[in-house]
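Beneath this line is the structure, given in structure tokens, with notes to follow.
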Amino acid sequence: MFFHHKGLSVADHSSGLRELCRQADLLVASTKGIELSNVRISELPDQLFAAVNLTSLMITETLIKTLPPAIGRLSRLRELTLTNNKLESLPQEIAQLPRLVVLELAENKFKALPPPVLLMRSLRRLDISNNRLKSLPDDLCRLRRLAELIVIDNQLTSLPACIARMPFLTVLDVSGNRLVDIPRRNPSFSGMEQMYLDGNKLSPECLRWRRDKAYYK
């Protein structure tokens, strides 16, 4: 575990978590980045959410199944990484983060896209790879600023039609799912720069369509 001027990192053992709790004054005063990794905890300490200047929070390789409502206090948060935990849901309060642009949810236990995510209109990147999603909601198009959508290695059998009309979507990675087709009505994917479809069960018609697209990878 180590501390520096703008960030705090805790790794590898529970004693590090106790030290984090003892450093509540530091969190409030100056911390802008916190990394909590490989700590066997199922709940997060209240002091974590006193870090009002926090812009980046990374919580990985823990046993947490959800976040406390206090996550909504971190109004300056721009990047939230929650990979490789046991998350099954997210609290409604997470939608109260007006500056959040990056949300990383890969390698958890989600069976569907958590509803509060659809209210996070500032998001630019969403990664929910390696979960248990069988579909994406039609309301996904509410995330109008979304530029990167990463849904690798889930169980998707289709994509919502609106995904082809998302105005700022430039990167779409749905590799390793069960897709047979993707929305192809014109105009579709007008701003797309990179699309990854490998590891699906695409129909011959869809395979022919993708060969004509410069952005297909």
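The values are calculated or read from the model by the stated rules, or taken from the named source; none is laboratory data. These numbers come from a predicted model, not from an experiment. Because the Cβ atoms are built from the backbone with ideal geometry, glycine has one as well, and the counts that use them run over all protein chains shown.
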Check: If you go through region 29-79, how many residues are within 15 Å of Leu105 (Cα to Cα) and among the small types (Gly, Ala, Ser)?
Finding: 2
Notebook entry, point to check: Looking at region 73-94, which of the residues that are in contact with a helix residue (DSSP H, G or I) (Cβ under 6 Å, 6 or more places away or on another chain) and assigned to a loop (DSSP other than H, G, I, E, B) is surrounded by the fewest Cβ atoms within 10 Å (Cβ to Cβ)?
Noted result: Pro91
Checklist line | Count - residues of region 146-156 that are at negative phi, in a loop (DSSP other than H, G, I, E, B) and crowded, with 16+ Cβ neighbours inside 10 Å | finding: 6
Note to self: Residues that are of a type outside the set (A, V, I, L, M, F, W, C) and at pLDDT 80 or above: list the strands (runs of 3 or more DSSP E) wholly contained in region 1-72 that include at least 3 such residues.
What the structure shows: 33-37
Notebook entry, point to check: Across region 131-178, what is the total count of residues that are of a type in the set (Asp, Glu) and within 17 Å of Gly199 (Cβ to Cβ)?
Noted result: 2
Checklist line | Subset of region 157-182 [β-branched (Val, Ile, Thr) and either more than 17 Å from the chain's Cα centre (by Cα) or outside any loop (DSSP other than H, G, I, E, B) (or both)] | finding: Thr157, Ile163, Val171, Val180, Ile182
